[in-house]
Amino acid sequence: MSNTVRTVISPGRYVQGKGAIHTIGEYLAQLGSTPLFVADDLVWGLVGHDIEASLKSASLPFQREQFRGIPSAKEVERLVTAIKDAKADIVVAAGGGSTIDAVKAAGHLAGIRWANVPTVASTDAPCSALSVIYTEDGEFEEYRFFPRNPDLVLVDSQVVANAPVSLLVAGVGDALATWLEARATARSGSKTMAGGLPTVTGTALAELSWQVLWDNALPAIDAVRDHQVTPAVEKVIEANTLLSGLGFESGGLAAAHAIHNGLTAVGATHGLAHGQKVNIGSVTQLVLEGAPTSDIREFIEFTTRVGLPNTLTEVGLRADDLDSLRIVAAAATVPGETIHSMPFDVASDDVVSALASIERFAVQVRADAGLPAPVPYVAGH
């Protein structure tokens, strides 16, 4: 593709609302005749009955394959075999980002259509044409890019509101990075995950995601603590899933997600949600940019109120553990990583310094604002 081509990509159809799960059959009937659902046992216990009933009313056969936890190359290959054995013509992920990433990759390799039924709003994975593949141990391995996006993304707002509030909080962390990264990509004129330069549309959707979250995240989180669906909840689900999904893919990724990928290389961070680690990347990106102190202060205060980590302590690291920070920084700055979409060169040492510097500043900001001190994270607890 030439260096001047701009592009935006998106799912074929996006459906969101309270009770939307009861319509999955009618939408799938437009796409294929033999769907295969992939979900873990926990998710299936929550939504399986409604999905089966909807398929029955749409005169579609029902088949389900279990998801085994990590979207690794091995799990993707296993799902390709399951798709072929089921003679499925569309594969549907029900669950979170890991299930969705595995199913997109498997659907592509199997040469069939794929659809997503996210049961949480914890990442912007559902709408995109890429999967994040991890090792069996949970370390970032690679991005896989596909020639098209999912044919359908269907989100039942009540199902999302019934899930633990921590998952919605993690989704806010993932989505807040969208505008910071798209803004940096637009400034540098770098290519996006869509394969071209960012469109005005992609960048604007990223900014809209940011605005919706600043206006609605706090009341939405309170509503979801009581499993209620309010207009604020609907807006945050859309921001986390659709706006952030379109914004990151067609607007561009930069330092925040690269630093997330670096954090996965350190065992101490395993067990944290994707969006929690991304939020550390966002704070670090703001430091790398030399953003106005008032902007960084506001971001730390807001994300603390949301319930996101913004100190190393909260992700199992320490500012004086330079060996671990160097591992993170080295992984975040490998050739081809999205940190190189920043509008200036970023070296590994720059990332170490920025990471180490956020601790004291964030602790002080929180103290000044009367917000809780960081609670240390211990992997596995």
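Nothing in this text is a laboratory measurement; each read-out follows from the coordinates by a stated rule. Small disclaimer: the values here were computed from a predicted structure and weren't measured. Here the Cβ is made from the backbone with ideal geometry for all residues, glycine too, and neighbour counts use every protein chain on show.
Put simply, when 121-127, 70-76, 151-157 are sorted by average Cβ atoms within 10 angstrom per residue, most first, you get 121-127, 151-157, 70-76.
Peptides 134-145, 208-219 ranked from most to least packed, by the mean per-residue count of other Cβ atoms within 10 Å: 208-219, 134-145.
What the Cβ-Cβ distance of Ala379 and Arg305 gives, at R0 = 35 Å and to the nearest 0.05, is a FRET efficiency of 0.90.
The charge dipole of the chain, taken about the Cα centre with unit charges on the Cβ atoms of Lys, Arg (+1) and Asp, Glu (-1), comes to about 740 debye, rounded to the nearest 20. Here, the range 90-131 has an Rg and a Dmax of 9.1, 28 Å when only alpha carbons are counted. Please list log₁₀ I(q)/I(0) at q = 0.09, 0.11, 0.12 Å⁻¹ for the chain, using the Debye equation with identical point scatterers on the alpha-carbon positions. For the chain at q = 0.09, 0.11, 0.12 Å⁻¹, log10 I(q)/I(0) is -0.48, -0.72, -0.86. In this simple spin-label approximation, Asp345 and Phe62 carry label points 7 Å from Cα along the Cα→Cβ vector, and these lie 6.0 nm apart. Here each label is just a point 7 Å from Cα along the line to Cβ, and for Leu371 and Ser353 those points are 2.5 nm apart.
Sequence gap of 8 or more, or different chains, plus Cα separation below 26 Å: how many lysine pairs satisfy both in the chain? Lysine pair count for the chain: 17. Over the range 284-381, the hull volume per residue, using the convex hull of the C-alpha atoms, is 109 Å³.
Using equal-weight Cα scatterers in the Debye expression, the normalised intensity of the range 165-368 in log10 at q = 0.10, 0.11, 0.15 Å⁻¹ is -0.38, -0.46, -0.87. On C-alpha positions alone, give me the angle between the axis of helix 200-225 and the longest principal axis of the chain, in degrees, nearest 10. Rounded to the nearest ten degrees, it is 90.
Per residue, the chain reaches -16500 deg cm²/dmol at 222 nm when only DSSP H runs of four or more residues are counted, each adding -39500 (n - 2.57). Computed from point charges on the beta carbon alone (+1 for Lys and Arg, -1 for Asp and Glu), the dipole magnitude for the range 14-161 about its Cα centre is near 460 Debye. Out of all DSSP beta bridges with both ends in the chain, state the antiparallel percent to the nearest 5. Counting only bridges with both partners in the chain, antiparallel ones make up about 20 percent.
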